[in-house]
Amino acid sequence: MQIVLKSVFTLSREDRGTTMRRRFVMQVMFSNFYAKIQTLIVQEDGQDLIEYALVVALIAFAATAGMNSVASSINTAFQQLGTTLNTYTS
């Protein structure tokens, strides 16, 4: 596929107007897009959400790391309870 770029001045008056309008619309769209990106970069609202997510991840990690000792303690308690129940039911 060959792309041919034509100068605006080689087009007819009607095509020139259409081309100029399209360029203007594209410039406005790009300008709006650029403004939105700049707003997202400057905004600090999203940083709070990231900080909360990091705190939740840290709590989850600590809970997961601590589960090993808690699980063994719970297991021991249930074994003692089972032994006691077996003693009284036998």
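The values are calculated or read from the model by the stated rules, or taken from the named source; none is laboratory data. Nothing here was measured: the structure is a model prediction, and the numbers come from that model. As a convention, Cβ positions derive from the backbone with ideal geometry for all residues, glycine included, and neighbour counts pool all protein chains shown.
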Quiz item: Is it the case that Leu11 is modelled with pLDDT of 85 or more, out of contact with any Leu (no Cβ under 7 Å at 6 or more places or on another chain) and surrounded by 10 or more Cβ atoms within 10 Å (Cβ to Cβ)?
Solution: no
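Before we move on, is Ala71 small (Gly, Ala, Ser), in a helix (DSSP H, G or I), at pLDDT 80 or above and loosely packed, with under 10 Cβ neighbours inside 10 Å? Lay out the reasoning, then the answer.
Working: small (Gly, Ala, Ser): yes; in a helix (DSSP H, G or I): yes; at pLDDT 80 or above: yes; loosely packed, with under 10 Cβ neighbours inside 10 Å: no.
The answer is no for Ala71.
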